[in-house]
1. Please find, among 254, 263, the residue that is over 14 Å from residue 314 (Cα atoms), within 23 Å of the chain's Cα centre (by Cα) and in a loop (DSSP other than H, G, I, E, B).
2. Looking at segment 337-353, which of the residues that are part of a strand (DSSP E or B) and buried (at least 19 other Cβ atoms within 10 Å of the Cβ) is modelled with the lowest pLDDT?
3. Inspect all residues belonging to segment 317-326 and state whether any of them is modelled with pLDDT of 95 or more and not in a strand (DSSP E or B).
4. Among 377, 385, 362, which is at pLDDT 95 or above and either within 19 Å of residue 278 (Cα to Cα) or outside the structural domain of residue 279 (by TED's automatic domain parsing) (or both)?
5. Based on what the data block shows, is residue 241 in contact with a helix residue (DSSP H, G or I) (Cβ under 6 Å, 6 or more places away or on another chain), surrounded by 12 or more Cβ atoms within 10 Å (Cβ to Cβ) and more than 26 Å from residue 348 (Cα to Cα)?
6. When you scan segment 166-176, do you find a residue that is at pLDDT 95 or above and assigned to a loop (DSSP other than H, G, I, E, B), even just one?
7. Tell me the residue from 70, 12 that is more than 22 Å from residue 135 (Cα to Cα) and in contact with a strand residue (DSSP E or B) (Cβ under 7 Å, 6 or more places away or on another chain), please.
């Protein structure tokens with residue numbers, strides 16, 4: 001059996017290519033949008049992708065399953081569990097609890113494991129060439145390393161009301177009835193790792209085992225003791241803020257992600273045209289000193305797609321099409337692919353220099369100047385947990401991933417002074433707010449600078 005794990009550290013998302021070398025068949029589970037990584041890997045190992053499936057309707061990234069199946073001609077298998085409200089709206093072979101997908105000598109058995117979402121499936125993988133019982137569990141967002149999937153996202157981003165309580169109870173039953181009934185030796189390969197907002201305490205290693213989770217996971221004692229009430233209470237407490245773009249991902253993944261097909265390399269542009277939005281991908285400290293006027297500050301790096309999802313809403317359309325400031329075409333392709341994973345496809349091209357564009361420093365406010373700004377409002381774009389651990393008096397907290405989707409919640413009457421912990425999110429949000437015509441300034445040094453100034457002796 002060929003077993004390959006693909007991991008995107010930006011969105012903390014895992015996907016899998018599993019194949020049978022004897023027959024050359026392969027399946028991809030939880031594909032991301034830049035599907036070329038699976039096609040290339042299959043070719044290198046003498047495999048052909050015959051089947052594609054996924055564990056559930058994802059909220060944190062745009063699924064590539066539909067597109068990968070269309071490009072390769074593979075069979076697409078989609079969960080038919082969870083009830084009519086959670087059926088996929090595009091064609092696929094229905095997959096129910098107990099169904100078996102056979103990939104040569106490899107068998108994937110679908111397990112309905114609701115809780116994170118009603119339609120959620122996990123897959124028990126049996127390598128028939130070596131064993132007659134499963135050795136792997138692709139757990140999706142059911143079980144993570146050291147944690148379980150959060151059941152409150154449908155309330156947070158999908159318009160449900162109080163579904164989190166039923167979801168938590170169903171998750172409890174899935175853990176007790178399905179997960180803990182498996183042998184200790186079964187390897188568990190989840191759909192996300194540390195940094196994902198699909199849970200609150202995900203481990204940083206790639207995989208775990210049933211036995212390890214049974215012994216050490218925070219939830220195991222509750223399930224072992226039959227304490228459903230305690231489990232629900234602990235699970236729902238202090239879940240992280242869910243970025244607003246999750247709602248758009250959920251809708252698109254249910255109704256059918258678009259099918260742009262194979263993408264040509266981004267085009268280098270000589271100039272920025274009318275109506276095009278520049279994305280300045282340099283570090284925040286560079287942008288704050290000599291950023292492109294009117295540009296969005298989205299620093300390239302391991303969090304590029306995450307930061308972009310906070311401030312670009314293709315449904316609104318006012319930040320499109322995009323022009324990327326990139327080192328070269330290869331760099332622009334990497335950035336474009338990262339954007340595609342969050343459903344941002346309108347990249348017009350890239351530039352490699354700021355020549356000919358107006359640049360200048362971003363408006364900053366020193367901590368000592370806050371009191372002299374009159375009606376200025378302080379906006380804390382950290383998480384609720386960060387804000388709760390210490391905050392500037394009177395600051396309004398709104399997660400960076402929710403600001404641009406909730407402009408009506410911004411304080412009015414004067415300039416808005418934005419801060420976070422390190423300054424990255426503040427630069428990101430402030431640049432987007434200024435693009436909307438809002439007088440947004442940054443607190444120089446962000447919260448640590450204010451804390452240091454405030455603690456100075458009188």
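The values are calculated or read from the model by the stated rules, or taken from the named source; none is laboratory data. All figures in this text were calculated on a predicted structure; none of them were measured in a lab. Note that we place each Cβ from the backbone using ideal geometry, even for glycine, and neighbour counts take in every protein chain shown.
1. Being over 14 Å from residue 314 (Cα atoms), within 23 Å of the chain's Cα centre (by Cα) and in a loop (DSSP other than H, G, I, E, B) holds for just one of 254, 263, which is 263.
2. 347
3. For segment 317-326, residues modelled with pLDDT of 95 or more and not in a strand (DSSP E or B): present.
4. Numbers: 377 fails: at pLDDT 95 or above; 385 fails: at pLDDT 95 or above.
Unique residue meeting the criteria: 362.
5. Numbers: in contact with a helix residue (DSSP H, G or I) (Cβ under 6 Å, 6 or more places away or on another chain): yes; surrounded by 12 or more Cβ atoms within 10 Å (Cβ to Cβ): yes; more than 26 Å from residue 348 (Cα to Cα): yes.
Judged against the criteria, residue 241 is a match.
6. No: segment 166-176 contains no residue that is at pLDDT 95 or above and assigned to a loop (DSSP other than H, G, I, E, B).
7. Numbers: 70 fails: in contact with a strand residue (DSSP E or B) (Cβ under 7 Å, 6 or more places away or on another chain).
Answer to the selection: 12.
Conditions tested, residue by residue: (1) free of Cβ contacts under 8 Å to residues at least 40 places away in the same chain; (2) assigned by TED's automatic domain parsing to the domain that holds residue 31; (3) farther than 18 Å from residue 51 by Cβ.
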{"residue": "94", "(1), (2), (3)": "yes, yes, no"}
{"residue": "111", "(1), (2), (3)": "no, yes, no"}
{"residue": "126", "(1), (2), (3)": "yes, yes, no"}
{"residue": "131", "(1), (2), (3)": "yes, yes, yes"}
{"residue": "134", "(1), (2), (3)": "no, yes, no"}
